[in-house]
Structure formats: structure tokens, C-alpha cells
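Notes follow the structure.
The values are calculated or read from the model by the stated rules, or taken from the named source; none is laboratory data. Nothing here was measured: the structure is a model prediction, and the numbers come from that model. Ideal geometry is used to build each Cβ from the backbone, glycine not excepted, and the neighbour counts take in all protein chains shown. Side chains are part of the model used for accessible areas, which takes the heavy atoms of the whole protein and leaves out ligands, DNA and RNA. Shrake-Rupley method; radii C 1.70, N 1.55, O 1.52, S 1.80 Å.
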Amino acid sequence: MIQTIKSFFLLLVASFSFLSCGKDKFSADVIIYGGTSAAVISAVEIIQSGKSVIVVSPDNHLGGLTSGGLGFTDTGNKGVIGGLAREFYHRVWLHYNDSIAWKWQKHSEYGNKGQGTVAMDGENRTMWIFEPHVAEKVFEDFIRENNITVYRDEWLDRETRVEVNNNKIVSLTTLSGKKFKGKIFIDATYEGDLMASAGITYTVGREPCSQYNEEWNGVQAGIFHHGHYFKSQIDPYVIPGDSTSGLLPYISVQPIQPNCSADDKIQAYCFRLCMSNHPENSVPFEKPEGYDASNYELLARVFESGWNEWFAKYDIIPNRKTDTNNHGPFSTDYIGMNYDYPEASYERRKEIIKEHENYQKGLLYFVSTDQRVPEEIRNRMQNWGLAKDEFTDNGNWPHQLYIREARRMIGAYVTTENEVLGKISVPDPIGMGSYTMDSHNVQRYVTVEGYVQNEGDIGVHPKKPYQISYGSIVPRKGECTNLLVPVCLSSSHIAFGSIRMEPVFMILGQSAAAAAVMAIEHKIDVQDVSYSELEKVLLSKKQVLVNH
């Protein structure tokens, strides 16, 4: 009954706010571009603060990676995850407290292992590990309960850019011809397309260490913080020992550059696959179109070297499923094949996404069928398949590629490893992060000794949670005064490696929305929002700004 009254009240608030913004159904106080977890959380905060909002989503499915396969949450220190982000994980906990949620295994059979925490935290009534469809339902519940208007499959028209007047975005137009007008805009995409189209300064790739006085930025050859490197001397050539035979697939011909030097390369992408080993809920790995076993020759040589860690990142989520992530020197990360993605056209991005899909499907088929794969691994692999009850409208394949990094705004404040590692105090904090500065491999090359090796895999753990500045989600004032960017925010490459975790995007999404509401109410630029007032609002919303 209480929930019904609350929903009715929010409906009245939303209706009043929408009418006060004008009769145009494509106008609202705040326009959010994106369908990520940050987009949904931002929208909820705006509605619950009494303003109108429209979510313009290129995606049909809401939640981004959180509902797209990343169910083994990169939690870090759960104590600094507050506000609506924590409400999300509480709702996941509520779902799995119902016996009906355990369809493919008994609750008692689930191991309760999380990443840095238990999966199901009864004391704090949160759950950090979940199935994709459960996450999507929670996001859709947020949308439904708060009566949030969402336009799906609406893509920003990047050719006509956006309408900007006196450093303010007036409107954005989508490829369907719809023009969305607002007082404040939030870019909650993984790519930063609205930000870029509005003329905001941004960067792609890795800065030199010298730019921000960092140690872990730029090229990092010979640095192996995780297990994603070649531990044995593996020959890179088609005919071993014969350099004239050419390199095997997925090895760059470019020579490695000096450590700490800058480049325009980005860390690898992959799909986070939801697999099942339940016979009634498993779809066998099929041979993809255009499959060529020779594309996986390098992996065969890795197996022949004695490497046996193939199943190390089949992270278990409820109901005998996995969130399968990259692990090892040759795995699900499609290294070096995404460099043009951030700036690419929609057509080219679709091609890149399809190339990643074909690569991973071929990888799965190779490991489960090829005779060069050790029999024990091959036989065990045949027990797995794609989860039949996930991503049912997409052939059980995730609808979201893991865009680990794309554009990054150069905003009012740039967060670097110095803030993440606690070397510099942070002004105007609006949220906290705590996860390792985690960059996946960026390139695969031939060493001077003539062997194959990966580069870019960095993992440096902060000693304690760190604060993220409000200045990192707002542009420089001379560029745009009514845009907030909680995802492609202002940070160095290596700092972004920690910030880019989904709980942090939700945290920053809520804080961005709270700032947007204040800017509207006071009729000021987002850069002029009073931090002392914003801090009070965020604390009242149970955001965590200081590590206790």
C-alpha cells in the first residue's frame, strides 16, 4: 500500500513537472542521453527531486553492462557504495530472498562468493552477484515505478551535431528526426557521443606519464600485474622460427614504444558471457559463420606450453550460471581490434561489435571442439553453453559489448592516479571509488627476443577508497554550461581504470542528477552549483562522500 501511494505521488510530481516544462512531449527539465545504469539512476534522482526527465536511449535494453552480463560486480569497498546504487543492490537481494528466484539450483547450493565481499550480504541486505535478467528487471522497475519517459532505439544524429547557443545545449536531434529540448543535459553513454557532438574537449587513448606526473599511464611493456600475459616463450610466426612466414592472427606488426609514452590505443573490449552448465538451460556453442581454426593457433600454442587456467574466470553467479570474463594471454579480450571504436560511425561500430562477437563465438567453438585443446579442458568445456534463459531476443548473446574505455572528457578537473592513490586531496567530492586501477591489455606485439607478448595490463590497488571531484563530471565553463558527464568523465587513462566500475557510474549518475536539479532551481550554470549545498543534498540521499 505504501509503495502504491509513493508511486502515485511520483506520478503526480512527474506530470506536474512535465507540464511546467511545456506541452512538447520531447521537452523536459533534463534530457539524459544513454541507456546505461548511470542513465537510469540519474533519471530516478531527477524525478524523485520533482523535475521532469526524458531518457533518450540508443539501446532497447536498459542498464548497460550491469544488465548485459557483468553480474560478478566489481564491488571494491562496498561501504562507499550508497544512495540509489545501494538501493539497486538491495533490490537484487530482495529478489534472491524469494525461493522462486532459485530455478536451476537450490539457494543452499550457491557458494555465496563475491568479488571483495560475499555475494549475498544478509547483514546489510544487499546482493552483489546476479543474473543479467534480474538486473534488467530492477532497472525496468525503477523506470515503471517513477513513471519515467524513455525513448528507446533513438540514436543521436552525430552529423548535424547538437544545437548549442551561448555555450548551452538547446536540443539534440536523433536519427528518427525527434528533437529533444531541455534545460540540462546528461551524457550517460559509454562513448560520450553527446559530449563530443556538443564540442566539448576530450581525449582518447593513453597520456604520457609526464602529463599528470603519473607512474602507471602510457605504454607499460614488461609490467605484468595480472595473469594476462604469455608466461612462456611462444613463437609468433605462422611457421615457427620463420619470420618470413608472417605473424599469426591478432599480433601487431608495430614495434613497441618506450614505457610511459602516449598513444591513441585503448584497452581491449569483450562480451561478458552468461553461461550455464545445467543440461536443461544450456545452449551448445555453435560453429560461427566464417569460422577459421587457424585464427586460434596462438591459443593452441599456449595450451601446448602447459598453460591450464582456462576456467579461472568462469565466475559463478546464481542458478548455475557464470559471468565469464577474460583471463590469460589469449582469451575473450579481442586485443587491438577496437582502436577506432570511440570515433567510429554507427555503421563501423556495428561492424566492430560483430567482429568481437564472431571472435568470441569462434573462441568458444575452438576450445570445445579442436583436437589441439587438451582433452580435459575440451571435455569440460562441452558441459557449458550459453544460458538459454538469458538474452532470449538476441540468441542468448549479450546485447552490450563491454566498452571498457572510449572518449574521456577534459573537464573542469582531471582525476589522475594521484587522486586515486591518495597522494592528492580531492576538492568537492560527489562520490567515491575503491577498485583497483585496472587496465586490460592494449596491444599484442613481438618482443626484441622474437616472442609474442601482451602490453597494457595494469592492476594497482588503492590503499583506501578515494573521492571523485564534481569538477570531473562538468566541462570547462568556456565550453558548455548545461551538460554533465558522469560516465565519460574527466580523468586520465589509468585513473579511469578504477572509476569505470558500474557501481561508481551509478553513484556519479545520481550526483550528476542532483546537481542538475540545483542548477535548474537556481537558474545557474552547472559549474556554479554551490558545493556546500550539493554536499548536503547528496548526504541526505545517503551518498557516501568520506570513507569512515
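Observations, loosely collected:
- Filtering segment 256-300 to residues that are open to solvent by less than 10 Å² (accessible area, probe 1.4 Å) and in contact with a strand residue (DSSP E or B) (Cβ under 8 Å, 6 or more places away or on another chain) leaves I266, Q267, Y269, C270, F271, R272, L273, C274, M275, S276, N281, L298.
- Residue match in segment 47-61 (condition: modelled with pLDDT of 95 or more, assigned to a helix (DSSP H, G or I) and farther than 16 Å from V134 by Cα): yes
- Among the residues of segment 138-187, those identified as in contact with an Asp or Glu (Cβ under 6 Å, 6 or more places away or on another chain), more than 27 Å from L84 (Cα to Cα), open to solvent by 20 Å² or more (accessible area, probe 1.4 Å) and part of a strand (DSSP E or B) are V170, T173.
- Flag for V452 being touching a strand residue (DSSP E or B) at 6+ places or on another chain (Cβ under 8 Å) and of a type in the set (V, I, T): yes
- Where a residue in segment 473-488 is among the small types (G, A, S) and its partner, wherever it lies, is modelled with pLDDT of 95 or more and surrounded by fewer than 24 Cβ atoms within 10 Å (Cβ to Cβ), with Cβ under 8 Å and at least six apart: G478/N167
- Single condition S540 does not satisfy, out of (1) in contact with a Lys or Arg (Cβ under 9 Å, 6 or more places away or on another chain); (2) open to solvent by 10 Å² or more (accessible area, probe 1.4 Å); (3) of a type in the set (S, T, N, Q): (1)
- D340 being acidic (D, E) and closer than 30 Å to D235 by Cβ: yes
- Subset of segment 146-174 [in contact (Cβ under 8 Å) with a residue 24 or more places away in the chain, within 22 Å of G64 (Cα to Cα) and not hydroxyl-bearing (S, T, Y)]: N146, N147, I148, V150, R152, D153, E154, W155, L156, R158, L172
- Residue match in segment 93-112 (condition: of a type outside the set (K, R) and surrounded by 24 or more Cβ atoms within 10 Å (Cβ to Cβ)): no
- Cross-chain or 6+ apart pairs with Cβ under 7 Å, segment 373-389 first and in contact (Cβ under 8 Å) with a residue 24 or more places away in the chain and open to solvent by less than 20 Å² (accessible area, probe 1.4 Å), then polar (S, T, N, Q) and in a helix (DSSP H, G or I): M381/S368; A387/N281
- Within segment 21-46, being surrounded by fewer than 24 Cβ atoms within 10 Å (Cβ to Cβ) and assigned to a loop (DSSP other than H, G, I, E, B) holds for C21, G22, K23, D24, K25, F26.
- For first residues located in segment 341-365 and under 13 Å from N295 (Cβ atoms), partners that are outside any helix (DSSP H, G or I) and open to solvent by 60 Å² or more (accessible area, probe 1.4 Å) and lie 6+ apart or on another chain with Cβ distances below 6 Å form the pairs Y365/K287.
- Within segment 333-370, the set of residues being hydrophobic (A, V, I, L, M, F, W, C), open to solvent by less than 30 Å² (accessible area, probe 1.4 Å) and touching a His at 6+ places or on another chain (Cβ under 9 Å) comprises just one member, I335.
- Candidates L545, L534 - the one that is touching a helix residue (DSSP H, G or I) at 6+ places or on another chain (Cβ under 8 Å) and within 14 Å of V80 (Cα to Cα): L545
- Of all residues in segment 473-496, those satisfying the criterion of being over 21 Å from D264 (Cα atoms) and buried (at least 24 other Cβ atoms within 10 Å of the Cβ) are I473, V474, P475, C480, N482, L483, L484, V485, P486.
- Residue among S210, S243, S197, S232 that is in contact with a Leu (Cβ under 8 Å, 6 or more places away or on another chain), among the polar types (S, T, N, Q) and either touching a residue at least 24 places away in the same chain (Cβ under 8 Å) or surrounded by fewer than 16 Cβ atoms within 10 Å (Cβ to Cβ) (or both): S197
- Residue in segment 408-420 that is open to solvent by 10 Å² or more (accessible area, probe 1.4 Å) and basic (K, R) present: no
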